[in-house]
Each structure stands twice: as structure tokens, then as C-alpha cells.
């Protein structure tokens with residue numbers, strides 16, 4: 001473990017890299033306290049796959065195999081979003097531990113430390129989605145077209161990162177109002193599930209709402225994934241991916257400002273330790 | 001009579017707690033979003049007669065989630081607040097207290113049915129049928145009773161669990177599938193049906209849907225009996241288990257943090 005002073009005297013880039021490395025080690029350690037590989041795979045992931053199956057069965061019930069596949073793809077990708085957004089709970093938990101005042105006086109910034117607190121859930125989300133991608137379509141009788149489905153795996157990664165950034169922004173709220181952390185998570189995630197093209201195309205929703213939905217993570221990335229599966233050309237796909245990345249960067253910037261403001265305001269009004 | 005007084009007191013206690021900790025009512029905020037998800041699928045799918053499935057599913061899920069949440073937290077909160085020792089030391093059966101407290105949450109959870117109806121009518125402009133209102137009311141009451149019984153049993157199981165949240169998490173979507181919450185059990189693979197039929201939701205979901213659409217078989221009273229019967233069996237098992245656990249705790253002096 002590097003001492004704070006060694007982090008503080010490094011160049012900003014190196015400092016952030018070291019912090020990233022430490023956050024990664026911390027995340028792995030934290031994940032090990034929550035799950036063994038068996039409980040993760042047979043408890044956590046199996047439950048998530050059941051969730052996807054539930055929605056896919058509805059797709060088949062209300063329409064046909066094509067709808068089932070549409071819903072299945074949307075929900076598999078949404079798993080990475082759901083898990084990435086658990087950063088809302090881990091960041092709020094970090095505030096509860098009382099580390100924020102210590103980080104505020106440390107030579108390094110508290111921002112990367114806080115924003116790295118959910119990396120293990122980001123990794124778990126990507127892994128769950130990829131497992132779902134490989135296992136569920138053939139199991140439910142609606143196999144994906146291969147090799148078109150292969151590049152989509154990389155796109156899931158982008159969607160997950162973008163959702164993580166959105167989750168970090170919401171976590172900024174949960175850090176302020178800790179009693180609302182679960183509500184913030186659910187009210188952040190469920191609208192994405194409902195409106196962002198997971199279960200029905202966004203064209204289903206009123207015209208005035210559709211442009212707004214493109215400002216949320218997952219919407220553009222999922223459209224790119226669906227385009228790839230439909231055999232779309234690269235020129236069709238990359239603008240959607242670029243937009244997904246841009247949306248993620250935007251939410252990350254907001255998250256950075258938000259979490260920074262918690263400390264600035266806390267220093268100003270003395271609410272850093274106990275303010276909520 | 002004494003038992004009823006205990007249940008009523010526990011009911012009032014939970015009412016006061018719920019007023020001060022609205023986190024228990026979170027499902028009332030999230031349930032409309034579940035309604036949007038299910039109704040968008042049903043409306044875009046255009047299979048006739050499935051609207052009632054989309055309207056009822058969020059209500060059933062809301063009830064289930066609220067029961068699960070309270071069942072998981074009720075004993076934990078008593079321990080955390082240091083009230084468990086007092087509860088165990090008193091002459092009042094803990095199982096009755098648990099049942100009475102769960103009752104409040106069940107009633108609040110039943111509001112999710114109304115929310116879902118509202119989303120369907122206002123949000124989607126749907127014309128939601130209610131062909132057999134009398135049967136519907138009886139079915140809702142039977143469902144609430146069965147839910148309270150099941151939640152009491154779960155609360156007992158959760159006391160002993162060291163992996164509470166893993167269990168709590170696992171008892172959601174698998175049960176929605178097996179309980180036929182939206183997709184009727186009859187459409188699941190045949191080998192799942194025996195398993196589904198021991199879950200009261202599979203009976204009550206069919207019953208509620210039938211009462212709304214008017215598509216009820218002549219044997220619908222038997223479905224009500226099955227819903228109530230399974231709920232009662234869970235309630236009795238929950239009472240026995242809680243009493244046994246409390247007795248063990250008294251004997252071994254492991255109450256607060258056993």
C-alpha cells in the first residue's frame with residue numbers, strides 16, 4: 001500500500017493511476033468479503049439470469065419469438081447497467097464509514113477514491129451480462145446470430161462503463177442523503193429499464209420523450225448492439241457507440257463535480273462528518 | 001381474543017414505525033415503473049386478453065417485495081434496537097407480534113394494485129376490465145392473507161439465516177416465474193407445474209386475472225381454498241418455527257445476537 005505522501009507527491013496522472021490501482025485491489029478485496037466464486041455464480045448470477053428469463057418469457061407470452069429475443073437482448077445488456085449502478089450503495093456506504101473527512105485532509109483527492117468504490121460491481125455486471133449473452137439465448141430457444149454477436153460483447157463493456165458513470169452521479173446524491181440510497185438506486189435504474197429500449201423500442205414512447213432518452217446511458221449503446229445483431233454496417237453503428245461514450249463522459253463530469261461539491265460544501269458549513 | 005389483541009397492538013406498532021420510516025413504502029414509488037414496463041410490453045405485444053396480466057403483475061410483485069422486505073428486517077431491527085430481549089422475556093408470543101406487524105405492510109402493499117390500475121388507465125389510456133368485482137375482492141383478501149402467512153414463515157426462516165440477503169434476493173424472480181405472476185403457469189414447461197402449484201401465487205394470480213377478465217372456471221372457489229390453505233399452512237409453520245426458535249434462545253441465553 002502506498003503511503004498518502006507518496007501519492008501526494010506524484011504527478012497528478014501518476015497519482016490517479018496509483019489510486020486506480022489501489023481502488024482495484026480494494027474492490028477485489030471487498031468482493032471477496034461479499035461472495036465466493038460459488039455464491040457469486042450460483043447465487044447472484046443465477047438469480048440475475050432468472051430475472052432476464054422472466055422478462056423474456058413475457059416477451060414470448062405477449063407476442064412471439066422475435067419479441068422474446070428483443071426483450072432478452074435488452075435485459076441481458078441491462079444486467080451490466082444494474083450491477084454497475086450498485087456504486088450508488090457502495091459510495092453511500094463509504095460515507096457512512098466516515099472516511100470522507102480523512103480523505104478531505106489527505107494530500108490526494110477524494111474524488112477518484114470515491115468514484116472507484118464500485119469497480120467490483122462494474123466488473124461483476126460485465127461478467128453477468130457476458131454469461132447471459134452466451135447462455136440464455138440458446139437455452140431459451142432464440143439463439144443469437146454469430147459471429148455478429150461477438151463484437152456486441154465489447155459494446156456491453158462500453159454500456160456498463162457509461163452506466164457506471166451515471167451511477168456515480170446518482171451516488172453523489174446518495175452520499176448527501178444517505179437514508180435515500182436505495183430509493184436513489186431504484187429510481188435511477190428502473191426508468192432506464194422502462195423507457196430506454198430494453199423491453200420495447202424507444203419509438204414506442206411519445207415523440208417528445210424520445211430525444212430525452214438519448215441522454216441516458218444504455219439507450220444508444222443498446223441500439224448499437226441491436227444494429228450489429230441485425231447485420232448493420234459499421235457506419236450505422238459507430239455514431240451510436242460514440243454517443244454512448246459521450247453520454248458516459250457527461251455523466252462522469254457531473255459525478256466529479258457532484259462528489260467534489262460534497263466536500264467543498266462540507267468544509268464550508270461543517271457538515272462533512274455528520275451532514276446527511 | 002387475547003391473540004387478537006396482541007395482533008392489533010402489533011399492527012398499531014408497525015403503523016407507527018412505518019409512518020416514521022417511509023423506506024418500507026419504497027415499493028409504492030417503484031411499483032408504477034414496474035407497471036410501465038409490463039404494460040408497455042403487453043400493449044406493444046398486442047396479444048388479446050393480456051392487459052389484466054400487465055395490470056396485476058406489479059401489484060403481486062409489490063405485495064411480495066414488501067412482505068419479503070419486512071420479513072427480512074423485522075427480527076434484525078428488533079435485535080439492532082435492543083428490543084429482542086424484552087420481546088422474548090414477555091409473555092406475548094413473538095409469532096403473533098410478527099404476524100400483526102406484517103399485516104400493515106401487506107395492506108400498504110395492496111395499494112400497488114391501485115397504482116397499477118391508475119398507470120394503465122391514465123398512462124396508457126387502457127380500458128381495464130373488472131367482470132367479477134365480488135370474486136376480485138375475495139381474491140385480493142385471500143391473497144393478502146396468504147402473503148401474510150408466507151411472510152411470517154419467511155421471517156422465521158430468516159431468523160436462522162446467516163446469508164439473509166442472499167436468500168432475500170433469491171426469493172424474487174424465480175418466484176415470479178413459478179408463481180405465474182404475469183405469464184400463466186399453464187404456459188410454463190409441464191415439469192415446473194407441480195413446483196408452481198405449491199406456491200400460493202400461482203393460484204391467486206390465476207384467480208385475480210380470471211375475476212378481472214371474467215374468464216373464470218366453475219371451480220374458482222377451489223382456487224380460493226387453495227390460496228387460503230397454502231397461506232394458512234405457511235402461517236402455522238411460521239408460528240411453530242418462531243416459537244421453537246424463541247424457546248431455544250431462552251434455553252441457550254442467545255437472544256440479542258445469536
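Picking from A:80, A:129, A:235, which is most flexible by a Gaussian network model of chain A using Cα springs under 10 Å?
A:235
Would you please report the Å³ per residue occupied by the convex hull of the alpha carbon atoms in segment B:1-145?
Expressed per residue, the convex hull around the Cα atoms of segment B:1-145 is 111 Å³.
For chain B, what's the relative contact order in percent, using C-alpha pairs closer than 8 Å and at least 6 residues apart?
26 percent
Across the Cα atoms of segment A:13-267, what radius of gyration and what greatest pairwise Cα-Cα distance (Dmax) are found, in Å?
18.6, 59
Against the longest principal axis of chain B, how steep is helix B:51-80, in degrees 0 to 90 to the nearest 10, with axes from Cα atoms?
10 degrees
Calculate log10 I(q)/I(0) of segment A:147-209 for q = 0.15, 0.23, 0.24, 0.30 Å⁻¹, where I(q) comes from the Debye formula with a single equal point scatterer on each Cα and nothing for solvent.
With one equal scatterer per Cα and no solvent, log10 I(q)/I(0) is -0.64, -1.01, -1.03, -1.14.
Starting with the fewest neighbours, write out B:147, A:31 ranked by other beta-carbon atoms found within 10 Å of each beta-carbon.
Ascending Cβ contact count within 10 Å gives the list A:31, B:147.
Can you tell which of A:205, A:40, A:146 shows the greatest fluctuation in a Gaussian network model of chain A with Cα springs below 10 Å?
A:146
Calculated from DSSP H runs of 4 or more alone, at -39500 (n - 2.57) each and per residue, what is the 222 nm mean residue ellipticity of chain A, nearest 500?
Value at 222 nm, helices only, nearest 500: -24500 deg cm²/dmol.
Fewest to most neighbouring Cβ within 10 Å: what's the order for A:150, A:254, A:122?
A:150, A:254, A:122
As I understand it, the value is the acute angle between the Cα axis of helix A:149-176 and the longest principal axis of the Cα atoms of chain A; what does it come to in degrees, rounded to 10?
Roughly 40 degrees, rounded to the nearest 10.
Distance between Cα centroids, segment B:215-238 to segment A:31-95: provide it in whole Å.
32 Å
Roughly what angle does helix B:133-160 make with the longest principal axis of chain B, taking Cα atoms, 0 to 90 degrees, to the nearest 10?
The angle comes out at about 40 degrees.
Among B:115, A:83, A:148, which comes first, then next, by fewest other beta-carbon atoms within 10 Å?
A:148, B:115, A:83
Among B:17, B:246, B:177, whose mean-square fluctuation peaks in a Gaussian network model of chain B (Cα, cutoff 10 Å)?
So, out of B:17, B:246, B:177, the one fluctuating most is B:17.
Across peptide B:104-115, how many C-beta atoms of other chains are within 10 Å of each residue C-beta, on average?
The mean count of partner-chain Cβ atoms within 10 Å per residue comes to 0.
How would you classify the protein assembly as shown from its alpha-carbon gyration tensor, with a ≥ b ≥ c the square roots of the eigenvalues: rounded for a/c under 1.5, else prolate if a/b is greater than b/c, otherwise oblate?
Verdict is oblate for the protein assembly as shown.
Rg and Dmax of segment B:86-215 over Cα atoms: what are they, in angstrom?
17.3, 55
From other protein chains only, count the Cβ atoms within 10 Å of every residue's Cβ in B:177-187, then give the mean.
Across B:177-187, the average partner-chain Cβ count within 10 Å equals 2.
Contact order normalised by length for chain A, with contacts defined as Cα pairs under 8 Å and 6 or more residues apart; what percent is it?
It rounds to 22 percent for chain A.
In terms of the ratio Rg/(2.2 N^0.38 Å) built on C-alpha atoms, what value belongs to segment B:2-252?
1.03
Using a 10 Å cut-off on Cβ to Cβ distances, tally the other chain neighbours for every residue of A:55-61 and report the average as a whole number.
6
Read-outs: derived from the displayed coordinates by stated rules, not from any lab. Just so it is clear, the model here is predicted, and its values are computed rather than measured. As a convention, Cβ positions derive from the backbone with ideal geometry for all residues, glycine included, and neighbour counts pool all protein chains shown.
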